[in-house]
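The values are calculated or read from the model by the stated rules, or taken from the named source; none is laboratory data. What you are looking at is a predicted structure, and each value in this text was computed from that prediction instead of being measured. Counting neighbours? That spans all protein chains shown, and the Cβs are built from the backbone with ideal geometry, glycine included.
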Amino acid sequence: MVNVTFYGGVNEIGGNKFLLDDHGTKIFLDFGMSFKRRGQYFEEFLNPRTANGIGDFLEMGLIPDIPGIYRSDLLEHHGRKSEEPSVSGVVLSHAHADHANYISFLHKDIPIYCGETCKRIIDAVAEQTTRDLENEVIDFRIRPLYRSGYKIPPVIRKFHTFTTGKKFKIDAIEIEPIHVDHSVPGAYGFLIYTSEGPLIYTGDLRMHGLHADMTDDFITAAKNVNPVAMITEGTRINKKKTDESEPKIYHDSKKKIQQNKTLSIVDFNFKDVDRFTTFYRIAKDLGKILVINFKHACFLEQYCQDKKLQIPSINDPHLALLKPKRLTGTYINEDYTDTYIKKRLHYKNIITAADITKNPTRYMIVLNFWYFSDLIDLKPKKGLYIHSLSEPFNEEMEISYDRMKNWLKHFDMEFFQSHCSGHINGDDLKELIKTIHPKKLYPIHTEHPKLFKKLPSKTIMVKEGKTYKL
Ligand SMILES: [Zn+2]
Ligand SMILES: [Zn+2]
């Protein structure tokens, strides 16, 4: 018997955690963090307590209570006994936190399978993130019950990486990863050969991006195996096809930046390598310098090692690294204690806000809202701000969005929205489902599962924690 249980990603966008059980061989497809659920109980100054191990996370339903999957130290902190692993592996579709982050809670002996580039992104994130329970993805320090035990060296998780089309086995289950296009490189969909027939998992994907051909490869491969079932993302099932595209962002943003007579600020998610390339190309084509921060540098250096991504090196003449103000505010090297900054302080293209104000038209600054206090030093009077991210879709985001607009107003800056989604639109998704034509359909990663009902496959309205026979 083959069963699937959905422990996340049900009636919500992200938090995917699907347990597949094929005659006793158990694997998880993704093990992500649910932003929605976390936001229901916690916020900036109210967080789950580390001192309670996994207790707070279990109590508030942020992770499912399943025997044999969690770290021994976290179980012991919660007053439980440690357990032997009951799951043979976790397969990650891509490196977004809503699919990957909560592997930080998992037993050290449960191996993680992910794409090569996915692993690079996880490494880049790990380099710059302070370790806490929700971020100890690559390695973690065992938290023993007694202080004397804190000298134990860190535990490094076991990762196995794959590339497109290369099948691999986790015990009895054979898995074929096929690349898909998404707003992060190293994203995959899967053909999972279970004893009841092939099961397809889409991960997150789209058809309107620069690499639609990769999603096409996935669709063809999935269709050819006559799947018995498909677990499909449905983030934008309620959205029609539009003219959104990466070239449109290039075109529209370039025009705006050309018209702007002073400093241009751009804001996008640095995990999105296509978006980086778009703004880098604009900088190059307009003879400007794209200024990134030290966190961005961690990503860029990882991307550079992947030749397929064709990313410029950090010393490229059209790139510069913005030195943040720390401690004394005088930019002396002793002020920097973060390792990811310290090890890069010798780079030749490091500049400060003061350097930029001398000739603002020369630069395009990549600056996220959380770093807006830098605007005080950058003095972007009458400048341009390009928001290349999705528009706010919940109350908390609305509040930050209003605050962001206040900053722009203060500096008399022009706001320009230019973005295309990482997710397939409803029209393309219906087409994809019709082409692959699985017998059964499990819509997840969506707030509108009912919209899938009109399709030719038998659609199952998934309930969280419920087990379904394939
Ligand atoms: Zn997602
Ligand atoms: Zn994603």
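Things to note:
- Within the stretch 374-397, the residues that satisfy the criterion of being hydrophobic (A, V, I, L, M, F, W, C) and at pLDDT below 95 are Phe393, Met397.
- From the options Ile121, Ile103, residue that is within 14 Å of ligand 2 (Cβ to nearest atom), within 15 Å of the chain's Cα centre (by Cα) and in contact (Cβ under 8 Å) with a residue 40 or more places away in the chain: Ile121
- Flag for Gly383 being more than 26 Å from Ala187 (Cα to Cα), surrounded by 21 or more Cβ atoms within 10 Å (Cβ to Cβ) and either within 16 Å of ligand 1 (Cβ to nearest atom) or touching a residue at least 24 places away in the same chain (Cβ under 8 Å) (or both): yes
- Residue-level analysis places Asp30 among those that are surrounded by 20 or more Cβ atoms within 10 Å (Cβ to Cβ), among the acidic types (Asp, Glu) and within 16 Å of ligand 1 (Cβ to nearest atom).
- Residue within the stretch 390-413 that is closer than 23 Å to Ala354 by Cα, in contact with a Lys or Arg (Cβ under 8 Å, 6 or more places away or on another chain), exposed (fewer than 12 other Cβ atoms within 10 Å of the Cβ) and in the same structural domain as Arg326 (by TED's automatic domain parsing) present: yes
- Residue match in the stretch 25-34 (condition: closer than 20 Å to Lys169 by Cβ, in contact (Cβ under 8 Å) with a residue 24 or more places away in the chain, in a loop (DSSP other than H, G, I, E, B) and of a type outside the set (Ser, Thr, Tyr)): yes
- Close Cβ contacts (under 7 Å, 6 or more residues apart or on different chains) running from residues in the stretch 414-428 that are away from ligand 2 (no atom under 16 Å from the Cβ) to residues that are in a loop (DSSP other than H, G, I, E, B) and of a type in the set (Ser, Thr, Tyr) comprise Ser418/Ser388.
- Looking across Thr262, Thr220, Thr278, one residue alone is polar (S, T, N, Q), away from ligand 1 (no atom under 16 Å from the Cβ) and outside any helix (DSSP H, G or I). It is Thr262.
- Taking the stretch 232-250 as the range and being β-branched (Val, Ile, Thr) and within 16 Å of ligand 1 (Cβ to nearest atom) as the test, the residues that pass are Thr232, Thr235, Ile237.
- Single residue of the stretch 438-467 satisfying the filter (touching a residue at least 40 places away in the same chain (Cβ under 8 Å) and more than 18 Å from Thr202 (Cα to Cα)) that is surrounded by the most Cβ atoms within 10 Å (Cβ to Cβ): Glu464
- Residue ID - nearest to Leu92 (Cα to Cα), chosen from residues in the stretch 184-206 that are within 16 Å of ligand 1 (Cβ to nearest atom) and of a type in the set (A, V, I, L, M): Ala187
- A search for C-beta distances below 6 Å between a residue of the stretch 336-362 that is in contact (Cβ under 8 Å) with a residue 12 or more places away in the chain and any residue that is loosely packed, with under 15 Cβ neighbours inside 10 Å and in a helix (DSSP H, G or I), counting only pairs 6+ apart in sequence or on different chains, returns Leu345/Asn333.
- Yes/no for Asn269 being surrounded by fewer than 22 Cβ atoms within 10 Å (Cβ to Cβ) and either within 16 Å of ligand 1 (Cβ to nearest atom) or among the small types (Gly, Ala, Ser) (or both): yes
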